[in-house]
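Shown next, in C-alpha coordinates, is the structure this report addresses.
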Amino acid sequence: MSKKITIAIDGFSSTGKSTVAKRLAKELNYVYVDTGAMYRAVTLYMMRKVFVSDGNFDEEAIIRHLPFINLKFHFNEDLGFGEMYLNAENVEKEIRYMEVSNQVSKVAAVPQVRKMLVEQQKEMGKDKGVIMDGRDIGTVVFPDAELKIFMTASTEERATRRFDELKSRGDEVEYEEVLKNVKDRDFVDSTREDSPLRKAEDAVEIDTSGISVEEVYQKMLHLAKDRIDS
(Lines give C-alpha, C1' and ligand atoms only; values in the text may rest on other atoms or scores of the structure.)
Protein backbone atom coordinates (compact mmCIF):
# COMPACT_ATOMS: atom_id res chain seq x y z
CA MET A 1 0.00 0.00 0.00
CA SER A 2 1.34 3.45 -0.95
CA LYS A 3 2.17 5.79 1.88
CA LYS A 4 -0.23 8.66 2.52
CA ILE A 5 1.00 12.21 2.27
CA THR A 6 -0.42 15.69 2.82
CA ILE A 7 -0.88 17.90 -0.23
CA ALA A 8 -1.23 21.63 0.45
CA ILE A 9 -2.45 23.84 -2.37
CA ASP A 10 -2.35 27.61 -1.96
CA GLY A 11 -2.86 30.48 -4.34
CA PHE A 12 -4.94 33.37 -5.49
CA SER A 13 -8.67 33.14 -6.14
CA SER A 14 -9.90 31.62 -9.41
CA THR A 15 -6.61 29.95 -10.31
CA GLY A 16 -8.32 26.56 -10.55
CA LYS A 17 -7.25 25.22 -7.16
CA SER A 18 -10.48 23.48 -6.21
CA THR A 19 -11.21 22.14 -9.70
CA VAL A 20 -7.89 20.33 -9.94
CA ALA A 21 -7.75 19.40 -6.25
CA LYS A 22 -11.10 17.59 -6.42
CA ARG A 23 -9.96 15.55 -9.42
CA LEU A 24 -6.61 14.76 -7.83
CA ALA A 25 -8.27 13.65 -4.60
CA LYS A 26 -10.53 11.30 -6.54
CA GLU A 27 -7.58 9.81 -8.45
CA LEU A 28 -5.53 9.25 -5.29
CA ASN A 29 -8.52 8.29 -3.12
CA TYR A 30 -7.67 11.16 -0.76
CA VAL A 31 -9.95 13.40 1.27
CA TYR A 32 -10.45 16.83 -0.30
CA VAL A 33 -10.99 19.86 1.94
CA ASP A 34 -12.02 23.21 0.47
CA THR A 35 -10.99 25.63 3.21
CA GLY A 36 -12.38 28.53 1.19
CA ALA A 37 -15.84 27.04 1.66
CA MET A 38 -15.31 27.16 5.42
CA TYR A 39 -14.48 30.87 5.38
CA ARG A 40 -17.37 31.52 3.02
CA ALA A 41 -19.78 29.72 5.34
CA VAL A 42 -18.66 31.81 8.32
CA THR A 43 -19.08 34.91 6.15
CA LEU A 44 -22.59 33.85 5.12
CA TYR A 45 -23.55 33.37 8.77
CA MET A 46 -22.29 36.83 9.66
CA MET A 47 -24.06 38.40 6.67
CA ARG A 48 -27.33 36.78 7.72
CA LYS A 49 -26.85 38.30 11.17
CA VAL A 50 -26.14 41.65 9.46
CA PHE A 51 -22.76 41.91 11.18
CA VAL A 52 -21.16 42.16 7.75
CA SER A 53 -22.38 44.16 4.76
CA ASP A 54 -21.06 46.74 2.31
CA GLY A 55 -21.46 49.47 4.91
CA ASN A 56 -20.91 47.56 8.11
CA PHE A 57 -18.27 45.32 9.67
CA ASP A 58 -18.88 44.51 13.34
CA GLU A 59 -15.74 42.59 14.31
CA GLU A 60 -16.73 42.30 17.97
CA ALA A 61 -20.04 40.68 17.03
CA ILE A 62 -18.27 38.34 14.60
CA ILE A 63 -15.94 37.12 17.34
CA ARG A 64 -18.77 36.80 19.84
CA HIS A 65 -20.83 34.59 17.51
CA LEU A 66 -18.11 32.15 16.43
CA PRO A 67 -19.11 29.56 19.09
CA PHE A 68 -22.54 29.32 17.47
CA ILE A 69 -21.13 28.14 14.14
CA ASN A 70 -20.90 24.46 13.26
CA LEU A 71 -19.30 23.51 9.94
CA LYS A 72 -19.36 20.07 8.35
CA PHE A 73 -18.53 18.62 4.95
CA HIS A 74 -20.99 15.94 3.81
CA PHE A 75 -19.86 13.86 0.85
CA ASN A 76 -22.18 13.99 -2.16
CA GLU A 77 -21.71 10.85 -4.24
CA ASP A 78 -23.30 12.43 -7.32
CA LEU A 79 -20.94 15.41 -7.23
CA GLY A 80 -17.91 13.47 -6.00
CA PHE A 81 -16.95 15.90 -3.23
CA GLY A 82 -18.09 17.13 0.17
CA GLU A 83 -20.64 19.92 0.30
CA MET A 84 -20.51 22.57 2.99
CA TYR A 85 -23.13 22.48 5.74
CA LEU A 86 -23.58 25.44 8.07
CA ASN A 87 -25.41 24.48 11.27
CA ALA A 88 -26.86 21.42 9.50
CA GLU A 89 -27.99 23.45 6.43
CA ASN A 90 -26.54 22.78 2.99
CA VAL A 91 -25.15 26.16 1.91
CA GLU A 92 -22.86 24.94 -0.88
CA LYS A 93 -24.66 27.02 -3.52
CA GLU A 94 -25.32 30.12 -1.43
CA ILE A 95 -21.71 30.55 -0.31
CA ARG A 96 -20.62 30.90 -3.95
CA TYR A 97 -22.72 34.01 -4.58
CA MET A 98 -20.94 37.23 -5.48
CA GLU A 99 -22.28 38.93 -2.36
CA VAL A 100 -20.35 36.45 -0.21
CA SER A 101 -17.24 36.75 -2.41
CA ASN A 102 -17.26 40.50 -1.80
CA GLN A 103 -17.05 40.05 1.99
CA VAL A 104 -15.14 36.81 2.61
CA SER A 105 -11.59 38.19 2.58
CA LYS A 106 -12.48 40.74 5.28
CA VAL A 107 -14.02 38.07 7.51
CA ALA A 108 -11.08 35.73 6.85
CA ALA A 109 -8.69 38.43 8.06
CA VAL A 110 -10.14 38.36 11.59
CA PRO A 111 -7.53 36.46 13.68
CA GLN A 112 -10.12 34.67 15.83
CA VAL A 113 -11.88 33.37 12.70
CA ARG A 114 -8.61 32.04 11.31
CA LYS A 115 -7.64 30.47 14.64
CA MET A 116 -10.93 28.58 14.87
CA LEU A 117 -10.84 27.29 11.30
CA VAL A 118 -7.12 26.44 11.27
CA GLU A 119 -7.65 24.24 14.33
CA GLN A 120 -10.46 22.41 12.51
CA GLN A 121 -8.36 22.05 9.37
CA LYS A 122 -5.41 20.60 11.27
CA GLU A 123 -7.74 18.04 12.83
CA MET A 124 -9.16 17.09 9.42
CA GLY A 125 -5.69 16.38 8.05
CA LYS A 126 -4.00 14.79 11.05
CA ASP A 127 -4.02 11.29 9.49
CA LYS A 128 -2.64 12.46 6.11
CA GLY A 129 -4.18 11.27 2.86
CA VAL A 130 -5.65 14.74 2.44
CA ILE A 131 -5.61 17.44 -0.22
CA MET A 132 -6.40 20.85 1.19
CA ASP A 133 -6.57 24.12 -0.69
CA GLY A 134 -6.72 27.68 0.52
CA ARG A 135 -4.48 30.66 1.27
CA ASP A 136 -2.30 29.50 4.16
CA ILE A 137 -2.27 25.71 3.99
CA GLY A 138 1.42 25.27 3.21
CA THR A 139 2.55 28.12 5.45
CA VAL A 140 0.32 27.78 8.53
CA VAL A 141 -1.99 24.76 8.52
CA PHE A 142 0.48 22.14 7.24
CA PRO A 143 3.96 23.68 7.10
CA ASP A 144 5.40 20.14 7.02
CA ALA A 145 3.27 18.94 4.09
CA GLU A 146 5.15 16.59 1.78
CA LEU A 147 3.87 18.46 -1.28
CA LYS A 148 3.13 22.16 -1.43
CA ILE A 149 1.80 23.81 -4.56
CA PHE A 150 1.26 27.53 -5.13
CA MET A 151 -1.09 28.42 -7.98
CA THR A 152 -1.25 31.75 -9.73
CA ALA A 153 -2.54 33.33 -12.95
CA SER A 154 -2.98 36.80 -14.38
CA THR A 155 -5.63 38.98 -12.73
CA GLU A 156 -7.57 39.39 -15.97
CA GLU A 157 -7.64 35.69 -16.74
CA ARG A 158 -8.82 34.86 -13.24
CA ALA A 159 -11.55 37.48 -13.49
CA THR A 160 -12.67 36.07 -16.83
CA ARG A 161 -12.85 32.54 -15.41
CA ARG A 162 -14.87 33.72 -12.43
CA PHE A 163 -17.16 35.82 -14.63
CA ASP A 164 -17.83 32.89 -16.97
CA GLU A 165 -18.53 30.60 -14.01
CA LEU A 166 -21.03 33.01 -12.48
CA LYS A 167 -22.78 33.68 -15.81
CA SER A 168 -23.07 29.93 -16.49
CA ARG A 169 -24.89 29.61 -13.16
CA GLY A 170 -27.32 32.31 -14.17
CA ASP A 171 -25.94 35.05 -11.90
CA GLU A 172 -26.41 38.64 -13.08
CA VAL A 173 -22.92 40.12 -12.88
CA GLU A 174 -20.74 42.55 -14.80
CA TYR A 175 -17.14 41.73 -15.73
CA GLU A 176 -15.82 44.94 -14.17
CA GLU A 177 -17.49 44.01 -10.87
CA VAL A 178 -15.83 40.60 -10.93
CA LEU A 179 -12.44 42.08 -11.85
CA LYS A 180 -12.69 44.54 -8.95
CA ASN A 181 -13.61 41.69 -6.59
CA VAL A 182 -10.57 39.67 -7.68
CA LYS A 183 -8.24 42.64 -7.20
CA ASP A 184 -9.75 43.54 -3.83
CA ARG A 185 -9.47 39.96 -2.55
CA ASP A 186 -5.87 39.73 -3.74
CA PHE A 187 -5.02 42.87 -1.80
CA VAL A 188 -6.75 41.87 1.44
CA ASP A 189 -5.47 38.28 1.30
CA SER A 190 -1.89 39.37 0.65
CA THR A 191 -1.68 42.24 3.14
CA ARG A 192 -3.60 41.01 6.20
CA GLU A 193 -1.51 40.78 9.36
CA ASP A 194 -2.58 37.24 10.30
CA SER A 195 -1.42 34.49 7.91
CA PRO A 196 -1.21 36.51 4.69
CA LEU A 197 -1.29 34.74 1.35
CA ARG A 198 2.27 33.96 0.33
CA LYS A 199 4.19 31.20 -1.38
CA ALA A 200 5.92 28.77 0.99
CA GLU A 201 9.67 28.60 0.35
CA ASP A 202 9.46 24.93 -0.63
CA ALA A 203 6.27 25.19 -2.70
CA VAL A 204 6.15 24.38 -6.41
CA GLU A 205 4.64 27.32 -8.30
CA ILE A 206 2.24 26.63 -11.16
CA ASP A 207 1.10 29.52 -13.34
CA THR A 208 -2.20 28.47 -14.88
CA SER A 209 -2.39 31.41 -17.30
CA GLY A 210 -3.08 30.17 -20.80
CA ILE A 211 -2.93 26.46 -20.02
CA SER A 212 -5.75 23.95 -19.78
CA VAL A 213 -7.15 22.34 -16.65
CA GLU A 214 -5.91 19.01 -18.02
CA GLU A 215 -2.33 20.28 -18.26
CA VAL A 216 -2.45 21.63 -14.71
CA TYR A 217 -3.93 18.37 -13.46
CA GLN A 218 -1.24 16.26 -15.12
CA LYS A 219 1.50 18.45 -13.62
CA MET A 220 0.04 18.07 -10.15
CA LEU A 221 -0.57 14.35 -10.53
CA HIS A 222 3.05 13.84 -11.55
CA LEU A 223 4.26 15.85 -8.56
CA ALA A 224 1.98 13.95 -6.19
CA LYS A 225 3.02 10.52 -7.41
CA ASP A 226 6.67 11.52 -7.25
CA ARG A 227 6.33 12.57 -3.59
CA ILE A 228 4.30 9.47 -2.69
CA ASP A 229 6.86 7.16 -4.26
CA SER A 230 9.93 8.94 -2.91
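Within the option set Ser2, Ser14, being part of a loop (DSSP other than H, G, I, E, B) and at positive phi holds for one residue only, Ser14. Those helices (runs of 4 or more DSSP H) of segment 64-173 in which at least 1 residues are in contact with a helix residue (DSSP H, G or I) (Cβ under 8 Å, 6 or more places away or on another chain), of a type outside the set (S, T, N, Q) and over 22 Å from Lys49 (Cβ atoms), considering only elements entirely within it, cover 111-124, 155-168. If I filter segment 44-71 down to residues being of a type in the set (S, T, N, Q) and closer than 17 Å to Val100 by Cα, which single residue comes out as surrounded by the most Cβ atoms within 10 Å (Cβ to Cβ)? Only one residue fits best here, namely Ser53. Restricting segment 109-142 to residues that are within 24 Å of Leu24 (Cβ to Cβ) and among the small types (Gly, Ala, Ser), which is surrounded by the fewest Cβ atoms within 10 Å (Cβ to Cβ)? Ranking the candidates gives Gly129 first. Candidates Phe57, Phe68: the one that is more than 25 Å from Glu174 (Cβ to Cβ), over 17 Å from the mean Cα position of the chain (by Cα) and of a type in the set (Phe, Trp, Tyr) is Phe68.
Matching residues to (1) open to solvent by 20 Å² or more (accessible area, probe 1.4 Å); (2) among the acidic types (Asp, Glu); (3) under 27 Å from Val107 (Cα atoms):
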{"position": "Thr160", "(1), (2), (3)": "yes, no, yes"}
{"position": "Phe163", "(1), (2), (3)": "yes, no, yes"}
{"position": "Arg169", "(1), (2), (3)": "yes, no, yes"}
{"position": "Glu176", "(1), (2), (3)": "yes, yes, yes"}
{"position": "Phe187", "(1), (2), (3)": "yes, no, yes"}
{"position": "Val213", "(1), (2), (3)": "yes, no, no"}
{"position": "Lys219", "(1), (2), (3)": "yes, no, no"}
{"position": "Lys225", "(1), (2), (3)": "yes, no, no"}
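Among the residues of segment 118-137, are any closer than 22 Å to His65 by Cβ, of a type in the set (A, V, I, L, M, F, W, C) and modelled with pLDDT of 95 or more? Yes, that holds for at least one residue.
Of all residues in segment 121-132, those that are within 16 Å of Ile9 (Cβ to Cβ) have Cβ atoms under 7 Å from Cβ atoms of residues that are surrounded by 13 or more Cβ atoms within 10 Å (Cβ to Cβ) and polar (S, T, N, Q), 6 or more apart or on another chain, in Gln121/Thr35; Gly125/Thr6; Lys128/Thr6; Val130/Thr6; Met132/Thr35; Met132/Gln121. Against the numbered list (1) buried (at least 17 other Cβ atoms within 10 Å of the Cβ); (2) within 25 Å of Val100 (Cβ to Cβ), Ala145 comes up short only at (2).
Contact annotation: residue pairs with Cβ atoms under 9 Å, 6 or more positions apart or on different chains, pairing a residue in segment 214-230 that is closer than 10 Å to Ile5 by Cβ and in contact (Cβ under 8 Å) with a residue 12 or more places away in the chain with a partner that is among the hydrophobic types (A, V, I, L, M, F, W, C) and assigned to a helix (DSSP H, G or I), are Ala224/Leu24; Ala224/Leu28; Ile228/Leu28. Contact map, segment 88-106: first residue in contact (Cβ under 8 Å) with a residue 40 or more places away in the chain, second residue among the small types (Gly, Ala, Ser) and part of a helix (DSSP H, G or I), Cβ cut-off under 7 Å, separation 6 or more or different chains; pairs are Val91/Ala41; Ile95/Ala37; Ile95/Ala41. Test Lys4 against the stated conditions and say whether it is of a type in the set (D, E, K, R) and either under 19 Å from Gln103 (Cα atoms) or buried (at least 19 other Cβ atoms within 10 Å of the Cβ) (or both). Considered against the rule, which asks whether it is of a type in the set (D, E, K, R) and either under 19 Å from Gln103 (Cα atoms) or buried (at least 19 other Cβ atoms within 10 Å of the Cβ) (or both), Lys4 comes out as no.
The values are calculated or read from the model by the stated rules, or taken from the named source; none is laboratory data. Keep in mind that what you see is a predicted model, and the values were worked out from it rather than measured. Don't worry about glycine lacking a Cβ; one is built from the backbone with ideal geometry, like all the others, and counts go over all protein chains shown. Remember, those area values only see protein heavy atoms, side chains included, never the ligands or the DNA or RNA. Shrake-Rupley method; radii C 1.70, N 1.55, O 1.52, S 1.80 Å.
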